[in-house]
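Peer 1: The structure's right below; bear with me while I get my questions together.
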Amino acid sequence: MTTRHPHAPLTALAFALALAVVVVSCGGGSDDESSGAPPTPADAEAFLAEVNDTMLRLGTASAQAAWVYSTYITVDTEALNARANQAYIDAMARYAKEAARYDAVEVTPEQRRQLDILKLSLELVTPSDPELAEEVTTLASRMEATYGRGEWCPEPNQPDACLDIEEITEIMATSRDEARLSEAWEGWHTISPQMREDYARFVELANIGAGELGFADTGAMWLLKYDMPAEAFTAEVDRLWDQVRPLYLSLHAYVRMKLREHYGDVVPADGPIPAHLLGNIWAQDWSNVMPLVAGGGAGPGYDLTDILERRNTSATEMVRIGERFYSSLGLAPMPDTFWERSLFTQPEDRAVVCHASAWSLDFKEDLRIKMCIDPTAEDFSTIHHELGHNYYQRAYNHLPPLFQDSANQAFHEAIGDTIALSVTPEYLVEIGLLDRAPEASDDIGLLLARALEKVAFLPFGLVIDQWRWDVFSGAIPRTEYNAGWWDRRLRYQGVAPITPRGEEFFDPGAKYHVPANYSYTRYFLAHILQFQFHRELSEIAGCDTPLHRCSIYGSTEAGSRLDAMLRMGLSRPWPDALEALTGSREMDATAIVDYFAPLKAWLDQQIEGQPVGW
């Protein structure tokens, strides 16, 4: 079992500005700007109309080019995609900088929110100095390319023996040879030391750009994307972590105990778990060590993959099943064009990008998913997840393009995963894939497997941006990049390398989101929110089983509450959207505690008398 990566929806502003490096010319601007005349409310209204029109026009063209490239990979479609994407990026990045001109203009609350969203849309603000702008974009491209070309070559004189990330990932997932795992882990981390100086200069230049827009640094700019003062948001993240930390500590202690039984003294009895022994390069998902740590009742009591294969369930039928889930909530089915234009299977005649994703190509009804579906339990769940993005995209399509996104960066992923949590044995019985739900005695195995994926991820979901915010602010100087990284890995995750990792290394760069400059806290929050959403919707649906057995399938009441929140898009601050669904304006991680309560009790029995913590 290999690691699943987050499945990102293709939304307009996020697609262009969060995933790409922007180059902004210091020239241009409106006639009023060049003449020095102060902007008026009418100017602001006209500016926003132009922005939304451009997003619709260029965003559609960019999405169409991206779709063609992803489903028909050639040198030509790659070039066409790059040109269409760059045209959109350049236009929206210019608008993002121009939005600051209207800071002092009296506008309506809706217009002010659109202007603020536009200003905060960039992950990277390039300096106005053309030479510095070119330098920072060159650095960003070079770091991402370095990561993309990353290989570990055990024998430098044998290039054919070099291993890429997919091959190293497979070793980490399947090998039980401690020496081999250590070698592969250290091998992958050889790709990033060459990024170190580039990253330090990148931080300097990115902070110059953020400063020109009035932000203290790039990290401070990212924090303001969450409709809260930066200090309040970081305190909120800490509060949520404190709610789930006892559950994580029990899981950590149990997994450490079981790994020590298998690997011996290389795993300490009461210290951090060696980072290379958790089945994943970054120890962010521990699912692959399930065979080593499973206790009694380790299986879910059924094999959904076997069921789908025996029934010869086609890819299209699997998607139809997913659609019927949403229809059971009272939501309209997907349009005919969804079935005509989506990609469900890998073509035999051409290369495609098989990574699962959900698309909205025209800001209206042209919704699609793209994935190479196999009749497996994982793909069955992923389909329900991806369709969640599509239903979200359609729900907010009545809003101006600037508001066509989720309530904050975490909500889109949370919605997809909320629906996936309803793929329970009871749901499978309802739709005729199971004759009866397994006995509750099988739940510990099911919950343990899910905790190794979901709970184990939580501290890693914090680490990347906790480190990066401190790097951008200067709290971690460039001379302590690696020490700061491992200090936070130890503090939050309780993992550590088994060999010294001095400042000659740059281990953060071995995780894609660092050289790609892609914010990561969204994934931590998505893991919190999905359980909070699931608990509330299950209560609305009248579920009377334990929370982990609840499915909202068939509940139009739950569907109505969900749709009301989805329709808000990004038009209101996220606490308003959260309140519309849950009745609370505060994120609450106790839903995770409730969901895994039977597992927590079992874990605490297993580790009785064992050290907890590190």
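Only the coordinates and a few stated rules stand behind these numbers; no lab work does. Please read these numbers as outputs of a predicted model, since none were measured by experiment. Cβ coordinates were reconstructed from backbone atoms using ideal geometry, including for glycine residues, and neighbour counts include every protein chain displayed.
Peer 1: Which FRET efficiency value, to the nearest 0.05, is calculated for W339 and D306 with the Förster distance at 25 angstrom and r the Cβ-Cβ distance?
Peer 2: 0.35
Peer 1: With a cut-off of 8 Å between alpha carbons and a minimum separation of six or more residues, what is the relative contact order of the chain in percent?
Peer 2: 20
Peer 1: A follow-up question, please. Could I have the simple spin-label model distance between S141 and T376, label points 7 Å from Cα toward Cβ, reported in nm to one decimal?
Peer 2: Spacing of the two 7 Å Cα→Cβ label points: 3.5 nm.
Peer 1: On to the next question. Can you tell me the order of 548-554, 100-106 when each peptide is scored by its average per-residue count of other Cβ atoms within 10 angstrom, highest first?
Peer 2: Put in order of decreasing packing, that is 548-554, 100-106.
Peer 1: On to the next question. Let me check I've understood the local charge: for P546, count other residues with C-beta under 15 angstrom from its C-beta, Lys and Arg +1, Asp and Glu -1. What total comes out?
Peer 2: -3
Peer 1: Separate question: Report, for the chain, the % of DSSP beta bridges that are antiparallel, rounded to 5.
Peer 2: 50
Peer 1: What value, in deg cm²/dmol to 500, does the helix sum -39500 (n - 2.57) over DSSP H runs of n ≥ 4 give at 222 nm once divided by the residues of the chain?
Peer 2: Here the helix-only value at 222 nm equals -17000 deg cm²/dmol.
Peer 1: Further question on the same structure: Mind checking the dipole of the chain: about its Cα centre, +1 per Lys or Arg Cβ, -1 per Asp or Glu Cβ, Debye to the nearest 20?
Peer 2: 660
Peer 1: Further question: For a protection proxy built on the mean count of beta-carbon atoms within 10 angstrom, sort 237-244, 497-504, 58-65, 278-285 highest first, please.
Peer 2: Taking the mean over residues of other Cβ atoms within 10 Å, the ranking is 278-285, 58-65, 237-244, 497-504.
Peer 1: Computed FRET efficiency, Cβ-Cβ of S175 and H355, R0 25 Å: what is it to the nearest 0.05?
Peer 2: 0.55
Peer 1: Mind giving me the nanometre distance, one decimal, between the label points for Q243 and E50, set 7 Å out from Cα along Cα→Cβ?
Peer 2: Each label point is offset 7 Å from its Cα along the Cβ direction, giving 4.4 nm.
Peer 1: Rank the residues L308, L115 as a footprinting-exposure proxy: fewest other Cβ atoms within 10 Å of their Cβ go first.
Peer 2: L308, L115
Peer 1: In addition: So if we plug the beta-carbon distance of E439 and R324 into 1/(1 + (r/R0)^6) with R0 = 30 Å, what FRET efficiency do we get, rounded to 0.05?
Peer 2: Computed FRET efficiency for E439 and R324 comes out at 0.65.
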